[in-house]
Amino acid sequence: MKPRLLYVIMLFVALCHCAEKVSAQNGCDLCGPATANRNIASGLYSSTIGAGCESRGQYSFAVGYFSKSYAANAIAMGKCVRAQAANSVVIGSGISNTESRMLSNNVPNSLMIGFNSALPTLFVSKSSAYNTTGKVGIGNVTSPEAKLHIKSDANEDAGVFIEPANSSKMAYIQLFDENNRICVKPDAGLSIMSQNAKINLDATQVAMNAQVTINAPRGFSEEGDYALAVQGGIMTTKVLVKDVEDWYDVVFEDGYDLQSIEDVEQYINENGHLPDIPSDQDVFDKGYDMVEMDGLLLKKIEELTLYTIELNNLIKCQQEIIESLLSE
């Protein structure tokens, strides 16, 4: 028999064998054990590779060790993984072949990836239409609520760590375009840039444990220990100053040493300003403390009130003398 004819006969026999196998199983075990942990490819045009794999959905595929694809067009790849919904894909490794300990994807049109766990580390949801894209979940998230949804485990924080290759590069999050960024620059710290829009903080309370500088050059607030340094105006409807250490009601206490009007006049003539009040040059050079100045002004008002009372008593006394003289 000619070699070419022998080859055709052998090929025919092999095709008949495969046809018989496909007819019996509705699928094909491409590579699996003959006895223990045999694969099952019972779905129409389904395929299996490995050991203990099952491919029961039509056009489904299972590869690895105890991988299961139970729905149409489902793909299961890895160890102890299961794709249970139409067009679902699962990749990775579960813990065991026990149902509750397998890595299982039961969400149609989605991708699940995880390793050494019954819970996914990465999940990609379906798109709503042919010209849209799905959402991504990191952590045990199978229904992402944003384009990227991150959920931590019970014993860890949820965070995103962006690390540049070296300390000369910055790390940033860009929003909309390059003019809107949250970034960390080398030797400059954290900065928030919004050149095309306003920055709005919509919250019940904003707490900052830091010194804050607004519209001021570097070094503007270095002369004092101030939590807020502003160059420019401040518009507000209310200011409350708390924890005031000293006030001036002592002026009304008995024994207060009230300067005479003559001494005040002499001081003004010599210095050009009231006693205890800084001169205009001091204010120009150093500024002034608002709480201290409010207290000093109150002190002067209280002293002025005492002078007025004293003057009023003098006037009353003089009026009585005048009336007594007029009545004689």
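Observations, loosely collected:
- Site pair PHE115 and LEU298 shows an inter-label distance of 6.9 nm when each label is modelled 7 Å from Cα along Cα→Cβ.
- Rounded, prolate or oblate (a/c below 1.5 giving rounded, otherwise prolate when a/b exceeds b/c) for the range 249-326 by Cα gyration tensor: prolate
- Sites ASP157 and SER279 - FRET efficiency at Förster radius 41 Å, r taken between beta-carbons, to 0.05: 0.15
- Prolate is the label for the range 84-242, because a/c, from the alpha-carbon gyration tensor with a ≥ b ≥ c as root eigenvalues, is 1.5 or above and a/b exceeds b/c.
- Proximal charge balance of SER104 [Cβ under 10 Å; K/R count +1, D/E count -1]: +2
- Site pair ILE322 and ILE309 shows an inter-label distance of 2.4 nm when each label is modelled 7 Å from Cα along Cα→Cβ.
- In summary, the helical segments of the chain meeting the span-like criteria, namely a full DSSP H run, a Cα extent along the axis of 18 angstrom or more and a mean Kyte-Doolittle hydropathy of at least 0.0, are 3-25, 290-326.
- The range 266-301: chymotrypsin sites (Phe, Trp or Tyr not before Pro) in DSSP coil with no more than 10 other Cβ atoms inside 10 Å: none
- One quarter of the convex hull surface built on the alpha carbon atoms of the range 148-296 amounts to 17.5 nm², the projected area averaged over directions.
- For ALA74, the shell of other residues with beta-carbons less than 15 Å away shows a net charge of +3, using +1 for Lys and Arg and -1 for Asp and Glu.
- Value at 222 nm in deg cm²/dmol, rounded to 500, when DSSP H runs of n ≥ 4 in the chain each add -39,500 (n - 2.57): -8000 deg cm²/dmol
- Between LEU148 and THR236, the distance separating the two model label sites (each 7 Å from Cα on the Cα→Cβ line) works out to 3.8 nm.
- The range 243-268 and the range 287-317: distance between their alpha carbon centers, rounded to Å: 8
- The chain: C-alpha gyration tensor shape, a/c 1.5 cut-off, then a/b vs b/c: prolate
- Multiplying the residue separation of CYS28 and TYR226 by 0.36 nm and subtracting their alpha-carbon distance yields 63.6 nm.
- Spatially, the range 42-101 and the range 146-174 are offset by 33 Å when compared through their Cα centroids.
- When the C-alpha to C-alpha distance is required to be over 25 Å, the pairs from LYS68/LYS126; LYS242/LYS300; LYS79/LYS147; LYS242/LYS299 that qualify are LYS79/LYS147.
Just so you know, all these numbers are worked out from the coordinates, no wet-lab data involved. No experiment lies behind these values; they were computed from the predicted model shown. All Cβ positions, even for glycine, are placed from backbone atoms using ideal geometry, and neighbour counts span all protein chains on display.
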